[in-house]
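Peer 1: Here it is: the structure, laid out below.
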Amino acid sequence: MSLSSRSIEHPSHSLGSASAAASVNIALIKYWGKADVDSNRPAVGSLSLTLDEWGSETTVTWLEKKESRAEHRFILNGQERLDSKVNKLLTHLLQYAEAEGHSWAKQGQVSAVVESKNTVPTASGLASSASGMAALGLAAWSALGWPNPSLNNDIHGGSQLIDLVRIGSGSAVRSLKGGLVRLESDGRTMTQLCERDEWSLALVICIVDPGPKAISSREGMERTRLTSPYYDRWVSSHPHDLNAATEAVNERDLGKLGELMEHSTFKMHAAMWSAKPPLRYLKAKSLMILDEVEQLRSRGSAAWATMDAGPHVKILCERSEAAHIATHMKSIIGQRSVLIRHPGRAAHIIGEKRDV
Ligand code: DP6
């Protein structure tokens, strides 16, 4: 991936710049619901698989502002946009820097230019915000010359980088690690359960509708929390799934992991459907694909389905079975709607420049 957007003019003095790449991750045991909206602390933990190929590459340049206005600029895939999540993350970082005694971080003194490129459809339930916010958080942090704590093997609570990325998106935290990752319900304690090359898994992605989703995860989660009669049970029954799935990963037991994954997906969608008004991210085609997955299983394939806040169905299987499953799904929903993805690597820095 390389940034192809026109280069942005930087009229003010640049404090530093960094570029980061991050991959999307797909939750096998889902995060849905928040314990605290302000810090974006989740109500439940989660377990995810970071993927290869799909992701975001982001450059952040911090500028010293001579003018009194200090607005952040965000350019996604060559187009300038407003994004409240991006602004919230950058504002949080400046507040943290100021609290740490960096006087340059005072409101209005610096602003960021963010240039980002996504290789995954944006905001359609394919986890673009996970890779986007992980790349943004890591680049914005590193552009200030601060070390990357996520490069350590164990990330325990207390990492300011994790808190920063979580402000952008709760699921994005997991993209700071590669392979299979468990995130606790504090939203900041994270364990890598399995390196990307330690278990030869694949996800067969069935794209149902590439357009943006109607209701964001953020809004959908709050609606579910406030109106679904099943929400409390979703939260209270969650730790069992997370622990059992962790065991399944440790035992490399795909059947057990697949069953738990489907259970977590269907519980999350049941809570969504029972919200008022209902959150119905799945389409008729999604249900048709689920029938096919059951059929595949009845014919002996180890294939398990999961869906997020969108209509797409992702099928978890062994790498050796992925081509066969993808060929079958292509015959049902079309050649161009099915892709295979494998476990991917952690978010990482791809370039840094210090001007002061
Ligand atoms: C269904 O991380 O996008 O994909 O924290 O509000 O930004 P915010 O939500 P987000 O939600 C992801 C929800 C999910 C399940 C998951 O990835 O765990």
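The values are calculated or read from the model by the stated rules, or taken from the named source; none is laboratory data. Treat the numbers as computed from the prediction; the structure is a model and nothing was measured. Ideal geometry is used to build each Cβ from the backbone, glycine not excepted, and the neighbour counts take in all protein chains shown. Ligands, DNA and RNA are excluded from the accessible area calculation, which covers all protein heavy atoms including side chains. Shrake-Rupley method; radii C 1.70, N 1.55, O 1.52, S 1.80 Å.
Peer 1: Quickly work out the residue 186-to-residue 335 label distance, labels modelled 7 Å from Cα along the C-beta direction, and quote it in nm with one decimal.
Peer 2: About 5.2 nm separates the two model spin labels.
Peer 1: Any idea what angle helix 84-99 forms with the longest principal axis of the chain, computed on alpha-carbon atoms, 0 to 90 degrees, nearest 10?
Peer 2: 50
Peer 1: Determine, from the Cβ-Cβ distance of residue 299 and residue 82 and an R0 of 56 Å, the FRET efficiency 1/(1 + (r/R0)^6), rounded to the nearest 0.05.
Peer 2: Approximately 0.70, to the nearest 0.05.
Peer 1: If you count only protein heavy atoms and use a 1.4 Å probe, how large is the accessible surface of residue 74, to the nearest 10 Å²?
Peer 2: The accessible area comes out at roughly 20 Å².
Peer 1: From the Cα gyration tensor of the stretch 236-356, with a ≥ b ≥ c the square roots of its eigenvalues, which class applies: rounded if a/c is under 1.5, or else prolate if a/b is larger than b/c, or else oblate?
Peer 2: rounded
Peer 1: Okay, moving on. Keeping the other protein chains in place, figure out the carbon and sulfur percent of the accessible area of the stretch 14-195, with a 1.4 Å probe.
Peer 2: Result for the stretch 14-195: 45 percent of the exposed heavy-atom area is carbon or sulfur.
Peer 1: Return the Rg/Rh ratio of the chain with Cα-based radii and a Kirkwood Rh.
Peer 2: 0.98
Peer 1: So which of 30/353; 85/285; 177/330; 65/353 end up more than 26 Å apart, counting from Cα to Cα?
Peer 2: 30/353; 85/285; 177/330
Peer 1: Kindly list the residues of the stretch 303-337 that lie in the label zone of residue 52, defined by a backbone N under 20 Å from the point 7 Å along the Cα-to-C-beta vector.
Peer 2: Flagged as within label range: 314-327.
Peer 1: Related question: Hey, can you find the accessible area per residue of the stretch 14-195 for me, probe 1.4 Å, expressed in square angstrom?
Peer 2: It amounts to 33 Å² per residue over the stretch 14-195.
Peer 1: How large is the accessible surface per residue of the stretch 268-335, computed with a 1.4 Å probe and reported in Å² as a whole number?
Peer 2: Accessible area per residue, the stretch 268-335: 44 Å².
Peer 1: Percent of accessible area on the stretch 270-356 owned by carbon and sulfur, 1.4 Å probe?
Peer 2: Percent of accessible area from carbon and sulfur atoms in the stretch 270-356: 52.
Peer 1: About the Cα centre, and with charges only on the beta carbon of Lys, Arg (+1) and Asp, Glu (-1), how big is the dipole of the stretch 14-195? Nearest 20 debye, please.
Peer 2: With only Lys, Arg, Asp and Glu charged at Cβ, the dipole is about 300 debye.
Peer 1: Ok, one more. Tilt of helix 217-227 relative to the longest C-alpha principal axis of the chain, in degrees (0 to 90, nearest 10)?
Peer 2: 60
Peer 1: Are there GluC sites (Glu not before Pro) in the stretch 11-90 that DSSP marks as loop and that have at most 16 other Cβ atoms within 10 Å, and which are they?
Peer 2: Listed in order of number, the matching sites are 67, 71.
Peer 1: How much accessible surface does residue 348 have with a 1.4 Å probe, in Å² rounded to 10?
Peer 2: Counting only protein heavy atoms, residue 348 exposes about 40 Å² to solvent.
Peer 1: While we're looking at this one, here's another question. Between the helical axis of 128-143 and the dominant principal axis of the chain, each derived from Cα atoms, what acute angle in degrees is found, rounded to the nearest 10?
Peer 2: Once rounded, the angle reads 30 degrees.
Peer 1: Taking R0 as 35 Å, what FRET efficiency do you get between residue 102 and residue 41 from their Cβ-Cβ distance, rounded to the nearest 0.05?
Peer 2: Plugging the Cβ-Cβ distance into 1/(1 + (r/R0)^6) gives 0.90.
Peer 1: Here's something else I'd like to know. Can you tell me the dipole magnitude for the stretch 222-356 around its Cα centre, using point charges on the Cβ only (Lys, Arg +1; Asp, Glu -1), in Debye to the nearest 20?
Peer 2: 540
Peer 1: Using a 7 Å offset from Cα along Cα-Cβ at residue 214, what residues in the stretch 275-309 end up with backbone N under 16 Å from the label point?
Peer 2: 275-287, 309, by backbone N distance to the label point.
Peer 1: Of all DSSP beta bridges located in the chain, what percent are antiparallel, nearest 5?
Peer 2: Of all bridge pairs located within the chain, approximately 95 percent are antiparallel.
Peer 1: What's the Cα-based Rg to Rh of the stretch 14-195, Rh via Kirkwood?
Peer 2: Taking Rg over the Kirkwood Rh, I get 0.95.
Peer 1: Suppose the chain between residue 200 and residue 319 were pulled fully straight at 0.36 nm per residue; how much longer would it get relative to their current alpha carbon spacing?
Peer 2: 42.3 nm
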